[in-house]
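Chemist: Pasting a structure here, questions to come.
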Amino acid sequence: MKKRIKDFLGYLFVFLLSFIGGLLAFAAKWAVSSFGNISVDEIIFHLKVPLQGTDTGAVKAFAIQALIPALIITGVFLTMHVLAGRKEGILRRWRERDKKEVWLRMKKKTGEEKECLIVPVVFSKGAVLALASLCCLFGISYGARIIPVADYVKRALHDSSFIQENYADPLSTAVTFPEKKRNLIYIYLESMETSFMDEAHGGAVKVNYIPELTELAEENISFSSKSGDKFGGARMVTGTTWTMAGMFSQTSGLPLKLPVRNNEMSHYEKFFPGVTTLGEILEDAGYDNWLVLGSDITFGGRKAYFTQHGDYQYLDYITALKDGLIPQGYKKFWGFEDRKLFQFAKEKADELSHGGKPFNMTLLTVDTHMPNGSRCSLCEKQYPTKYENALSCSSRQVADFVKWLKKQDFYKNTTVIISGDHISMARGFTDTAIPAGYQRQTYNCIINPPVKPAKEENREFTNMDMFPTTLAALGCTIEGDRLGLGTNLFSERKTLLESVGIEKMDNELQAGSKFYDSHFMYGKKDK
């Protein structure tokens, strides 16, 4: 019995060590090659939130490039362990029984005597276990080298007071709405950045892939870090660099951070209960809040966040199936295409406009998602790659949707905001199309606000500044022109990024914050 237990433990350790080592190495390589400089915050976040609704293409890519190679490595180690066990058994019997009798039997199988004696000693189960341990250590060190885990842990263990010192609490900051409240249509464009404009407009490419979005930015308000006819946008800092983080930061004025030292978020009863968001402010002001998206809203914690902060109702891929808006079994890319998204959004906007209340309708596109985007029936084959065509198609669809809005009776009292959620992770395209060293920034455009900005150009800002800016674009006055860590870009007040610089701000946001954890992750608001 003891021997069986010992053998079982040996197989278990070899399996775990080799599989963990292989998976960590291949998964880290896959993540970096697929997403670019992926942040540790994003990895931790997605380990703790629902992955339901993930694009099957991404799952297949992970299986092919990470899981299957790790299993192959594990299979090799287990085979070596089995062979080593057999060799050791032969050697043991050689020693325990009459050597001559065993030798005569072994000679037929193995040939010379030295092979029978030497191989079992060198190729032992202990040696295989040692090799599996080295495999595990290699996987850990390799993964930690290409994904900066050590730097993250070092910063996370340091407690920063930056957020506490600079946070403008929406609960204690006066936000005054105009007598006639304006509707809000907020369009998050997946991975949309100004880099996709041509060089003449401040972009990074020779051909303008998004001419319609460029024209909208020229004709309306677009805050930029550049001057003249060149467009910039929001800079990416910690906690703002993936879809959920982009939406969270633009509606709360905070980075999305989960401390690695606990697993509280995995239970999901509460999603940042201490945060006060745009949706809640609008809900308290009598707005109907809606979120329309072509993927499963559960993915990445979006359902928890929007339903718990602003009581958003939603139309997503799952509800579209249930309501018969798309046929059963229908699925393109993450769910349904943007062409359907905008059609459903038109119907919903028309319905909300007759509801007797101001409305906030938030859209999230998906066709420009990494790794290569998705083509629909509206896409033209203008360019060599699918991603280029997806960008171009998205630009046309957004412009057409805006044209439709302008023809509606409710438009005159509606503000439209178009914003990239984060910069693109489509490395197959961006690594070749965008020159090294080019400062990539997200797209933004504000249409039909009742106020004019003090200045649009030479503004350094982040996603978090969109929180108070959105309210200002609805005609609200904000005490001190700051909410969360964001600054109202319509005002003359400096943003935090303009005050402290990108390096200091990012370093402070990477650090741990007991204030952030206690007030936002676990805190309760007293309304």
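The values are calculated or read from the model by the stated rules, or taken from the named source; none is laboratory data. Keep in mind that what you see is a predicted model, and the values were worked out from it rather than measured. Cβ atoms come from the backbone with ideal geometry, glycine included; neighbour counts cover every protein chain shown. To get the accessible areas, we keep the full protein, side chains included, count just its heavy atoms, and leave off ligands, DNA and RNA. Shrake-Rupley method; radii C 1.70, N 1.55, O 1.52, S 1.80 Å.
Chemist: Can you compute the charge dipole magnitude of the range 270-425 about its Cα centre, using +1 on each Lys and Arg Cβ and -1 on each Asp and Glu Cβ, nothing else charged? Give it in debye, rounded to the nearest 20.
Modeler: About 480 debye.
Chemist: If packing is taken as the average number of other Cβ atoms within 10 Å across a peptide's residues, how do 466-476, 129-139, 237-247 rank, most packed first?
Modeler: Going from most to least packed, we get 466-476, 237-247, 129-139.
Chemist: Using a 7 Å offset from the Cα along the Cα-to-Cβ direction at both H354 and A61, what is the distance between the two label points in nm, to one decimal?
Modeler: Computed distance between label sites H354 and A61 equals 4.3 nm.
Chemist: For the pair N458 and T173, what calculated FRET efficiency results from E = 1/(1 + (r/R0)^6), where r is the Cβ-Cβ distance and R0 = 41 Å, to the nearest 0.05?
Modeler: In this case the efficiency is close to 0.95.
Chemist: Starting from the Cα of Q382, move 7 Å in the Cα-to-Cβ direction to define the label point; list residues of the range 397-415 whose amide nitrogen is under 11 Å from there.
Modeler: Answer for this model: 397.
Chemist: Just order 389-398, 71-80, 209-218 by mean Cβ neighbour count inside 10 Å, highest at the front, would you?
Modeler: Ranking the peptides 389-398, 71-80, 209-218 by packing returns 389-398, 209-218, 71-80.
Chemist: Report the extension gain between F138 and Q164 in nm, rounded to one decimal, defined as 0.36 nm multiplied by the number of residues separating them, less their alpha carbon distance.
Modeler: Full-extension gain reported as 5.4 nm.
Chemist: Moving on. Taking amide hydrogens as modeled 1.01 Å from N in the peptide plane, which residues meet the under 5 Å criterion relative to F359, leaving out close sequence neighbours?
Modeler: N183, L184, D288
Chemist: Once amide H atoms are built 1.01 Å from N in the peptide plane, which residues 5 or more positions from V292, or in another chain, come under 5 Å H to H?
Modeler: L315, T362, L363, L364
Chemist: Among G329, T277, Q343, which residue has its Cα positioned farthest towards the positive end of the charge dipole of the range 258-376, with +1 placed on the Cβ of Lys and Arg, -1 on the Cβ of Asp and Glu, and the dipole taken about the Cα centre?
Modeler: G329
Chemist: Filter the cross-link list K180/K412; K331/K403; K270/K357; K60/K332; K230/K455 down to pairs whose alpha-carbon distance in this structure exceeds 18 Å.
Modeler: Where the Cα-Cα span goes over 18 Å, the pairs concerned are K331/K403; K270/K357.
Chemist: How much length is gained if the chain between D431 and E347 is pulled fully straight, taking 0.36 nm per residue apart and subtracting their Cα-Cα distance, in nm to one decimal?
Modeler: Extra length available between D431 and E347 comes to 26.4 nm.
Chemist: Please list 175-184, 478-487, 424-433 highest first by mean number of surrounding beta-carbon atoms within 10 Å per residue.
Modeler: Descending packing order for the listed peptides: 478-487, 424-433, 175-184.
Chemist: Taking the solvent-accessible surface of protein heavy atoms with a 1.4 Å probe, what is the per residue accessible area of the range 305-358 in Å²?
Modeler: 48 Å²
Chemist: Right, another one. I'd like the carbon and sulfur percentage of the solvent accessible area for the range 302-386, probe radius 1.4 Å, heavy atoms only, ligands and nucleic acids excluded.
Modeler: On the way: 1830 of 3930 Å².
For the range 302-386, the apolar C and S fraction of the accessible surface comes to 46 percent.
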